[in-house]
Amino acid sequence: MIVMKFGGSSVGTGTRIASVANITARTKTQTGTAPVVVVSALSGVTDTLLRAAHAAGASDYQAYAHIRVELQNRHEEAINECISDSERAQALKQEVTGLLDWLETFCQSIATLGELTPRGLDVVSGLGERLSARIVAGAMNDRGIAAEMVEATELIVTNAHSGSAIPLYDLTAAKATKRLLPLIQAGIVPVVTGFIGATAEGIPTTLGRGGSDFSATILGRVLPADEVWIWTDVNGVMTADPRIVPDARTLAEISYAEIAELAFFGAKVLHPKTIQPVVEMGIPLRVLNSFEPDNAGTLVSASSRPEPIIKGITAIRDLSMVTVAGRGMLGVPGIAGRVFSAVARSGASMLMITQSSSEQSICFVIHSKDVDEVVKSVERELELERAHHDVDTVDSQGEVAILAIVGTGATGNPDIARSVFGALASQKVEIVAVAQGASNYNYNLSIVVPQAHTDAAVRAIHSQFGLDRA
Ligand code: ADP
Ligand code: ASP
Ligand code: MG
């Protein structure tokens with residue numbers, strides 16, 4: 001059985017939703033089994049819902065009332081485009097109206113209280129998938145494909161971490177198999193809302209922006225699926241972001257480890273956690289283009305061909321580098337551990353760490369949104385050392401990006417670093433810090449550069465390695 005996920009642009013309009021129904025029918029015929037379909041919200045809808053929630057939090061009644069109308073029109077238009085049966089279309093429009101009425105009432109309460117909580121934000125931002133899944137299931141039924149909308153709050157059990165909840169696999173397996181397997185056995189396609197889940201107590205949560213990819217692999221793992229297919233708007237995983245590098249090429253194959261590195265360092269094509277649920281069980285993942293369903297896409301699996309050594313380059317922006325420095329740090333055991341614990345206490349995650357060999361400074365990179373909290377937390381931890389001038393500064397440098405050059409079997413190859421630094425020098429890109437992945441097989445060279453130089457740096461490295469050529 002296949003679990004397949006369709007992203008925002010693949011369900012962006014009624015016409016696109018009709019293609020989703022056709023692809024689903026084709027998959028069902030090819031495999032002889034009803035696939036499980038996971039859908040994102042219509043493209044842009046999650047952003048719009050977040051705007052509504054923040055407007056409500058700021059007690060801006062007019063703004064969210066406008067947004068409600070905008071969302072109603074967008075979804076009704078999609079229904080008109082993909083549903084021919086007028087009774088079915090009418091019933092779906094009523095469901096949309098019901099959910100948007102609820103949204104408006106909910107926003108009203110937020111506005112009255114003047115407070116938007118992380119929990120409230122999760123409930124509002126997950127509404128897009130609840131709208132789209134109904135329409136997608138309706139479009140399938142309209143074409144004679146038996147389908148049923150299933151809310152992921154009935155399937156995916158998570159912890160209570162609003163905004164980036166973590167799945168609890170045992171509980172999820174029990175619920176998902178009980179609810180989905182009978183549908184599949186009856187030949188009915190379950191159309192599941194991506195992005196959302198609920199705690200064991202039933203409190204709605206979300207898995208993080210772009211999290212519908214993760215929803216698909218979570219379900220793929222617990223059912224379990226033979227393969228998970230991620231349908232998007234490009235031909236697969238590419239050597240670089242095609243919006244930055246127009247001659248980026250689609251990779252036929254890539255390993256779990258390589259895609260995990262690329263996704264962690266900003267390649268938006270897959271959510272960074274997508275691979276986690278399927279790696280252990282070796283469930284293959286395909287990234288496919290819903291606009292070109294016959295294209296072979298990219299196969300992500302445990303092994304990939306050893307050549308070429310460098311597979312891709314990606315960049316992650318809006319970062320800050322924090323430096324903790326002082327002569328008194330030399331040889332003092334445990335400072336690094338305390339600094340990292342202080343960062344963890346602030347709730348921020350570190351993307352990269354470097355330390356000078358004399359132990360006089362530790363640098364790490366975090367998302368800029370976390371920088372104030374992190375610096376405060378580290379300063380508090382090192383209060384005594386600062387008073388004694390063992391630690392002189394806890395400084396931060398904003399507006400930096402990390403470039404990640406990812407591949408296989410390249411560790412220890414001096415030509416790679418030479419080529420990368422040569423490419424950066426040719427563009428006069430300043431190098432702020434460097435780290436190299438230590439694993440033998442999986443290669444990642446991460447370089448911190450000023451954010452303004454990111455695109456030029458990515459293009460120069462892409463062309464230096466000839467990634468545009470097969
Ligand atoms: P979806 O809505 O289907 O989840 P996303 O917009 O989240 O789609 O992800 C697909 C987009 O990711 C592509 O349109 C492309 O612009 C971008 N992207 C960034 N890096 C890469 C990469 N290395 N390979 C493919 N696409 C990438
Ligand atoms: N709709 C959600 C988002 O925009 C989840 C997803 O598209 O994967 O973040
Ligand atoms: Mg996505």
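The values are calculated or read from the model by the stated rules, or taken from the named source; none is laboratory data. Being a predicted model, the structure only gives us computed values, none of them experimental. FYI the Cβ positions are ideal-geometry reconstructions off the backbone, even for glycines, and counts take in every protein chain you see. What goes into the accessible areas is simple: the full protein's heavy atoms, side chains included, and nothing from ligands, DNA or RNA. Shrake-Rupley method; radii C 1.70, N 1.55, O 1.52, S 1.80 Å.
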Report summary line: In whole Å, largest first, the alpha carbons of region 348-470 cover along the principal axes 57, 31, 23
Query raised in the report: How much of the DSSP beta bridge set in the chain is antiparallel, as a percent to the nearest 5?
Result: 65
Requested in this report: Leaving ligands, DNA and RNA out of it, report the carbon-plus-sulfur percent of the accessible area of the chain at a 1.4 Å probe.
Outcome: 51
**Report entry** Global geometry of region 1-122, whether rounded, prolate or oblate, following the gyration tensor of its Cα atoms and the 1.5 cut on a/c
**Finding:** prolate
Requested in this report: Sorted from largest down, give the three principal axis spans of the alpha carbons of the chain, whole angstrom values.
Outcome: 75, 56, 40
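Given LYS5/LYS268; LYS5/LYS273; LYS311/LYS369; LYS93/LYS268; LYS268/LYS369, which pairs have Cα atoms separated by over 21 Å?
LYS311/LYS369; LYS93/LYS268
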Query raised in the report: Can you run phi through the Karplus equation (6.51, -1.76, 1.60; θ = phi - 60°) for region 45-56 and list ³J(HN,Hα) in whole Hz, with x for Gly and Pro?
Result: 5, 4, 4, 5, 5, 5, 4, 4, 4, 5, 4, 5
Requested in this report: Give, rounded to the nearest 20 debye, the magnitude of the charge dipole that region 303-408 has about its Cα centre when Lys and Arg contribute +1 at Cβ and Asp and Glu contribute -1 at Cβ.
Outcome: 380
Query raised in the report: In terms of Cα to Cα distance under 26 Å, which lysines are near enough to LYS376, apart from those fewer than 8 places away along the same chain?
Result: none
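Which value, in Å², gives the accessible area per residue of the chain when a 1.4 Å probe is used on the protein heavy atoms?
42
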